[in-house]
1. Considering only the stretch 26-42, how many residues are part of a helix (DSSP H, G or I) and buried (at least 17 other Cβ atoms within 10 Å of the Cβ)?
2. Going residue by residue through the stretch 7-18, is there one that turns out to be more than 10 Å from the chain's Cα centre (by Cα), hydroxyl-bearing (Ser, Thr, Tyr) and buried (at least 17 other Cβ atoms within 10 Å of the Cβ)?
3. Restricting to the stretch 48-68, name every residue that is out of contact with any Lys or Arg (no Cβ under 6 Å at 6 or more places or on another chain) and buried (at least 19 other Cβ atoms within 10 Å of the Cβ).
4. So which pairs qualify, if the first residue must be in the stretch 15-32 and within 14 Å of residue 134 (Cβ to Cβ), the second must be surrounded by 24 or more Cβ atoms within 10 Å (Cβ to Cβ) and hydroxyl-bearing (Ser, Thr, Tyr), the Cβ gap must be under 7 Å, and the two must be at least 6 apart or on different chains?
5. How many residues does the stretch 54-87 contain that are more than 16 Å from the chain's Cα centre (by Cα) and assigned to a loop (DSSP other than H, G, I, E, B)?
6. Only one residue in 142, 134 is assigned to a helix (DSSP H, G or I), under 19 Å from the mean Cα position of the chain (by Cα), under 30 Å from residue 5 (Cα atoms) and modelled with pLDDT under 85. Which one?
Amino acid sequence: MTGMAIAMALAMISSTAIGLILGVLFKGDLTSSTIIAMNFALIVGILVGKPISLLAMGEGVGGGAMGGMMGAMIGDMIPSNNYSLMLVYIVIFSIVSFLFIIHLINTKVNEHPKNKTSRTWSTANKAIISISVLLTLVILGLQIETTDHKNNQKVDEVHHHH
């Protein structure tokens with residue numbers, strides 16, 4: 001039961017974040033951002049859920065697909081000049097959620113020290129850390145791109161006034 005919840009939460013949270021980022025990047029092209037986010041969710045759901053059980057994999061894929069769709073829609077609807085706050089919020093929310101999942105995993109593993117699923121839990125921990133690093137790098141890249149874009153707009157405005 002815990003494994004199903006972990007697979008679903010991990011896939012949903014990460015695909016919502018990726019969907020949001022893609023929705024911002026593909027502004028106006030909701031189809032592409034949704035498809036890519038749902039494919040990401042499919043991969044995460046399979047990687048995290050399959051070692052636990054087939055049902056956990058199904059929960060992960062289903063929850064992740066839903067999160068990917070919602071994230072892409074939110075990213076597409078946010079005004080172009082006002083998405084930084086939402087991106088920062090979703091990354092912070094994701095990291096806090098991932099830390100909770102890691103704590104839950106460690107608690108369950110310590111309850112059953114000879115449990116043969118400890119390999120599964122370490123796989124989930126690696127996936128959580130990888131997704132957290134990926135989200136952080138993407139946000140940093142978007143912030144740099146946004147800063148460059150704003151600087152270019154200011155230069156263009158200065159040239160138009162002269």
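1. Total meeting the criteria: 9.
2. no
3. Of everything in the stretch 48-68, those that are out of contact with any Lys or Arg (no Cβ under 6 Å at 6 or more places or on another chain) and buried (at least 19 other Cβ atoms within 10 Å of the Cβ) turn out to be 48, 49, 52, 56, 59, 60, 61, 63, 64, 65, 67, 68.
4. Short answer, once both residue conditions are applied: 19/33; 22/33.
5. 2
6. Checking each option against the conditions leaves just 134.
The values are calculated or read from the model by the stated rules, or taken from the named source; none is laboratory data. Predicted model, so just to flag it, every value in this text is computed and none were measured. A quick note on method: Cβ atoms are made from the backbone with ideal geometry, for glycine too, and the neighbour counts reach across all protein chains shown.
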